[in-house]
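Read the structure below first, then the notes.
Read-outs: derived from the displayed coordinates by stated rules, not from any lab. This is a predicted model, so every value here is computed, not measured. Quick reminder, even Gly has a Cβ in these numbers, built from the backbone with ideal geometry, and neighbours come from all protein chains shown.
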Amino acid sequence: MQEAQSRGWSAIDVVFVTGDAYIDHPSFGVPLLARWLEHHGFRVGIIAQPDWKNVEAFRALGRPKLFFAVTAGAMDSMVAHYTPAGKIRRDDAYTPGNLHGARPNRATIVYTSSCRAAYKDVPVVIGGIEASLRRFAQYDYWEDKVRRSILFDSKADLLVYGMGESPLLEIATRLKKGEKVAGICDVRGTAISVKETPPVSTVVLLPSFEDVSSDRVKYSEAFRLLSGQQNPFSAKPLVQPHADRFLLCNPPSMPLTTRELDQVYALPFTKLPHPSYKEPITAWEQIKSSITSHRGCSGGCAFCAITHHQGKFIQSRSEASVLKEIANTASQKWCKGSISDIGGPTANMYGMRCKAPDSGHSCRRDSCLYPAICRNLYLADKEGAALLQKGRKLAGVRHTTVSSGIRFDLLLKQPDYFDELTANHVGGLLKVAPEHLCESVTKVMHKPGEKMFAEFLEMFRNKSRSVGKRQAIVPYLISGHPGCTLGDMVDLALKLKELGLRVEQVQDFTPTPGTLSTCIYYTGIDPFTGDTVYVPRGAKEKRLQKSLLLAHLPESRKDVMEALKIAARLHVAKDLFSENRPLVQKKQKGYKIKT
């Protein structure tokens, strides 16, 4: 409060409560939104990682004049706390000292309750990834049951989902003008609790919480219905009954224009942690010199929450805006001229847009890339390449890398970007995410598959050799995903050997709220086709699947042998454990790589 008073503020309009440390960097949602509201004349404070067991921690900045804005932070708090095996994580990259325990389980619910205890009549608006993806009745992996909308569990007044600049600014403006929070029920990008449902002709009615929590087919139906209303230009409001109340979810916020996005990233961020912190913050160390060039992702991968949170429409900053931030960042003493990333959720989507006559406003596709790249998708190859090229040539910039994920199926159709990336922006290792290489599994994942990945890998290696650089691929892979059997993992392990790739880290699939993969995990049904999908569930099978990709590690050998025995594939053990790479297929070995 002393910092607020030093600005001449006797009271604060909006108090953010967050589960992350306070880092004044645009990669973090709360500081970005706080700067945005401040830019529009609001007095804003941030309570970072408060002691939720002490109500006084929520009174640290006094009574907010307008509302509390509550978020669990950059990650769902349950994902942040627990591994897929249910074990407690020992670290937290968003906490000083990388220490676990600075935020509670289900932080949005706990923080909201504490705000109510501190000032019971102050409105509470919840948001962030946890609230966004839990806004409907959703399957919770950690309790293995369907939970109510987080709006009802938290008893908050309003829920903001997706990117929050527009809805949060409208809420703050209307409350400042004297509107009551109960009357603010029509803001895009928000969900509210209502006593009566609007006329059925104007909304899409989802199966009730009671139905989806007792009937997996109804859960699948609800997911299919809400997935059809993600386009902000054509979506209708969604209504889901919860006992005697109704969750009313308004259509998504409109994507920000290039001008609006430039305004957001031109705000006076210091890009530094709050000076009170004495220990390093891992998340800041990783992204402090990164530059966000765009938002959104057109990929629509089944397991990923980005499309549900940021939307599939790519929102790009102007080239001038990005280059200005690169120059400013490179001039900072802590940066030393090294830019760690120029990208977004998927780096090579900068400048992409829909070139259909209506610019995609009536499009119902969840993905612009699956099952094939849409003919109406403008790939912005030259624009992306030019941005990287101009960025590395700025005065004071020593070198730039692209550390955001790369979509390799797009790269195959972006020759200019591919050349510029390979020659100048790979810091030795390039991150790509095939996730799997068996067609039956990548089909469930909504990913490109083996053939395209092998083509990309050969081109990348050739391009690297042509520019005289030793560069390698870091493939991100998922084990235990719906649709994946032990046999599929054996095939994947053998295919990686054939391609000359060794995996050091494997992500065991975690059913996170709101995604298609989680819907399939819970129901065993593809909601769009009605087909039954195999789901690996037991801890043993998930462990064995993961071990197959780590066969080169001595500690994995016992599990690998057990997996091969169960899959009736013991005859490939010699090839799997061989140090010779790449593996040359031999028909007499008696195995076949699925393609």
Q. Using the count of nearby Cβ atoms within 10 Å as a rough guide to exposure, how do T18, T282 rank from fewest to most?
A. T282, T18
Q.
Once you order the gyration tensor axes a ≥ b ≥ c over the Cα atoms, which shape class does region 40-115 get: rounded for a/c under 1.5, otherwise prolate or oblate by comparing a/b with b/c?
A. prolate
Q) So, in Å, what gap is there between the alpha-carbon centers of region 71-115 and region 155-220? A) 25 Å
Q.
Which lysines, if any, have their Cα less than 30 Å from the Cα of K218, not counting same-chain residues under 8 positions apart?
A. K145, K155, K195, K236, K312, K443, K447, K540, K542
Q. Which of the listed residues, T510, T190, T329, is farthest toward the dipole's positive end in the chain, when Lys, Arg count +1 and Asp, Glu count -1 at the beta-carbon?
A. T329
Q) Is the shape of region 444-504 rounded, prolate or oblate, going by the alpha carbon gyration tensor and its root eigenvalues a ≥ b ≥ c, with a/c under 1.5 for rounded and a/b larger than b/c for prolate? A) prolate
**Q.** Angle between the chain longest axis and helix 216-227 axis [Cα atoms, degrees, rounded to 10]
**A.** 70 degrees
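Can you tell me the order of 99-105, 430-436, 189-195, 461-467 when each peptide is scored by its average per-residue count of other Cβ atoms within 10 angstrom, highest first?
Highest to lowest by the protection proxy: 430-436, 189-195, 99-105, 461-467.
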Q: Would you mind classifying region 155-297 by shape? Square roots of the alpha carbon gyration tensor eigenvalues, ordered a ≥ b ≥ c; an a/c under 1.5 is rounded, otherwise it is prolate if a/b is larger than b/c and oblate if not.
A: prolate
**Q.** Semi-axis lengths (Å, descending) of the ellipsoid that matches the C-alpha gyration tensor of region 2-249
**A.** 29, 23, 15
Q: Determine Rg/Rh for the chain; Rg is computed over alpha-carbon atoms and Rh is the Kirkwood hydrodynamic estimate from the same atoms.
A: 0.96
Q.
Treating only the Cβ of Lys, Arg, Asp and Glu as charged (+1, +1, -1, -1), what charge dipole size does the chain show about its Cα centre? Round to the nearest 20 debye.
A. 1040 debye
(Q) So for each of 445-452, 156-163, 4-11, 138-145 I average, over its residues, the number of other beta carbons within 10 Å; can you give me the resulting order with the highest mean first? (A) 156-163, 445-452, 138-145, 4-11
Q: Tell me which residues come under 5 Å, amide H to amide H, from I525 once H is placed; ignore anything under 5 positions away on its chain.
A: V533
Q.
Helix-only mean residue ellipticity at 222 nm, the chain, DSSP H runs n ≥ 4 weighted -39,500 (n - 2.57), per residue, nearest 500. What is it?
A. -9500 deg cm²/dmol
**Q.** Stretchable slack from F528 to N376, in nm (0.36 nm times residue separation minus alpha-carbon distance)
**A.** 52.5 nm
Q) Where both partners of a DSSP beta bridge lie in region 2-249, what percent of those bridges are antiparallel, to the nearest 5? A) 45 percent
Q: For K393, list the lysines whose Cα falls under 28 Å from its own Cα; do not include residues on the same chain fewer than 8 positions away.
A: K271, K288, K324, K333, K336, K382, K413, K431, K463, K469
(Q) Whole-Hz ³J(HN,Hα) for each residue in region 236-248, computed from phi via Karplus 6.51 cos²θ - 1.76 cosθ + 1.60 with θ = phi - 60°, x for glycine and proline: what do you get? (A) 9, x, 10, 10, 10, x, 10, 6, 9, 10, 10, 7, 10
Q: Could you state the angle between the C-alpha long axis of helix 539-548 and the longest principal axis of the C-alpha atoms of the chain, as a value from 0 to 90 degrees rounded to the nearest 10?
A: 50 degrees
Q: In whole Hz, with x marking every Gly and Pro, tabulate ³J(HN,Hα) for region 253-269 from phi via Karplus 6.51 cos²θ - 1.76 cosθ + 1.60, θ = phi - 60°.
A: 4, 5, x, 5, 6, 4, 4, 5, 5, 4, 4, 4, 7, 8, 5, x, 5
Q) Helix 29-39 versus the longest principal axis of the chain: what is the Cα-based angle in degrees, 0 to 90, to the nearest 10? A) 40 degrees
